[in-house]
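Any read-out appearing in this document is the output of simple, stated calculations on the displayed coordinates, not a laboratory observation. Please read these numbers as outputs of a predicted model, since none were measured by experiment. A quick note on method: Cβ atoms are made from the backbone with ideal geometry, for glycine too, and the neighbour counts reach across all protein chains shown.
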DNA sequence: AACCCGGGGTA
DNA sequence: TACCCAGGGTT
């Protein structure tokens, strides 16, 4: 019936595909790294990270043997930091299970840390030419519209249905020798034409085959259940400066920003003041302390949490840093991988000529924060 | 199946 | 603002 869909997609892809650096190489390792970076992350964002990462960690072995802090620094700002931990776990699994070479097998790939159904299919098809579907968010949108699949795409059954549609496309004669390109063509079409809200159907290479377009309302698909509202949290951040050093602490191994370095912080409970929260944050890392005064406040939106970070200066009155916390000088702070949510604080510290003024008992220097932050980030 | 996990682009 | 993105892991 639609034997031309695959060939039309491939011809269009050959004509218009974006020039992405990982498309220039055939190294399975390089393709794998790019696919992990591309999880929930746009190609234009990934590009510079991938270039730097490949120079610094050019092979599975170097990734497997790298210090975790170096990996986190290379990942700084990309988010979902669990990805890079899993990447190293998988590199070590590849060393021990597969002699340092990525396995040319979807099931074996799927068994590696951080590789799920999508990434297994993507690497299998792009790096090894296997006929495996790579069903990402783009492909979900394109395929659900192409075949007017009207079920909830977050359900396992509908996902299987969509994968079956892709398998059928991969089996078409024109696609048999290039499954990776067909998968990429589906994703490319979703990224550039088959947009969530306003698809550019006029320029679509498979419009005449698209049941969604023929039905007149392609943008109503795909269907998914409504997501729960995003909760809000007030976060108290204790900034403890002593001389030319600032207290940093490693976050818990579970939950938000697991295992990342940061400044002592707690989520304020109902009725708890910023000052009380800051004392509690210090206690977590083994210090007694007293609040000096607020330094800055800014909103930060995660995908699963809206927050307001309230940064308050504190002074240690006793105790020693415990549990991975320590006082870092400027050089040590610069070397730490910090999540983007803490970037405004790093910026204040970087632009403050002398940290002593931040530790002053009175007359908190708000102009420093205002100058460093910009109007959007500074919230009262 | 539901929930959690960063960050950023875009309509 | 709301949505969603070359998703995966845990429970």
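Tabulated results
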| read-out | value |
| --- | --- |
| Tensor-based shape of region A:286-344 (alpha-carbon gyration tensor, a/c under 1.5 rounded, otherwise prolate or oblate) | oblate |
| On Cα atoms only, tilt of A:179-192 relative to the major axis of chain A in degrees | 60 |
| Modelled FRET efficiency - R0 22 Å, residue A:197 with residue A:340, Cβ distances, 0.05 increments | 0.25 |
| Order of A:165, A:227 - criterion: other Cβ atoms within 10 Å of each residue's Cβ, fewest first | A:227, A:165 |
| FRET efficiency, 1/(1 + (r/R0)^6) with R0 35 Å, evaluated for residue A:164 and residue A:101 via beta carbons | 0.70 |
| Of A:36, A:230, A:285, the one that fluctuates the most in a GNM where chain A has Cα springs shorter than 10 Å | A:230 |
| Equivalent-ellipsoid semi-axes of chain A, from the Cα gyration tensor, Å, largest first | 47, 24, 17 |
| On Cα atoms only, tilt of A:117-128 relative to the major axis of chain A in degrees | 60 |
| Förster radius 56 Å - calculated FRET efficiency between residue A:62 and residue A:11 (Cβ-Cβ, nearest 0.05) | 0.90 |
| Angle in degrees between helix A:82-98 and the longest Cα principal axis of chain A, rounded to the nearest 10 | 60 |
| Stretch gain in nm, segment residue A:303-residue A:80, where the contour uses 0.36 nm per residue and the Cα spacing is subtracted | 79.2 nm |
| Packing-based exposure ordering (other Cβ within 10 Å, fewest first) of A:355, A:213 | A:355, A:213 |
| Length gained when the stretch residue A:152-residue A:51 is fully extended (0.36 nm per residue, less Cα-Cα span) | 32.7 nm |
| Gyration tensor verdict on region A:32-145 (Cα atoms; rounded if a/c is under 1.5, prolate if a/b is larger than b/c, oblate otherwise) | oblate |
| Whole-angstrom gap from region A:215-234 to region A:167-202, using each part's C-alpha centre | 23 |
| Packing-based exposure ordering (other Cβ within 10 Å, fewest first) of A:25, A:201, A:210, A:194 | A:25, A:201, A:210, A:194 |
| Distance from region A:288-353 to region A:99-118 (C-alpha centre basis), Å | 38 |
| Estimated 222 nm signal from helices in chain A, with DSSP H stretches of n ≥ 4 weighted -39500 (n - 2.57), rounded to 500 | -12500 deg cm²/dmol |
| Over chain A, relative contact order from alpha-carbon pairs under 8 Å, at least 6 apart, % | 14 |
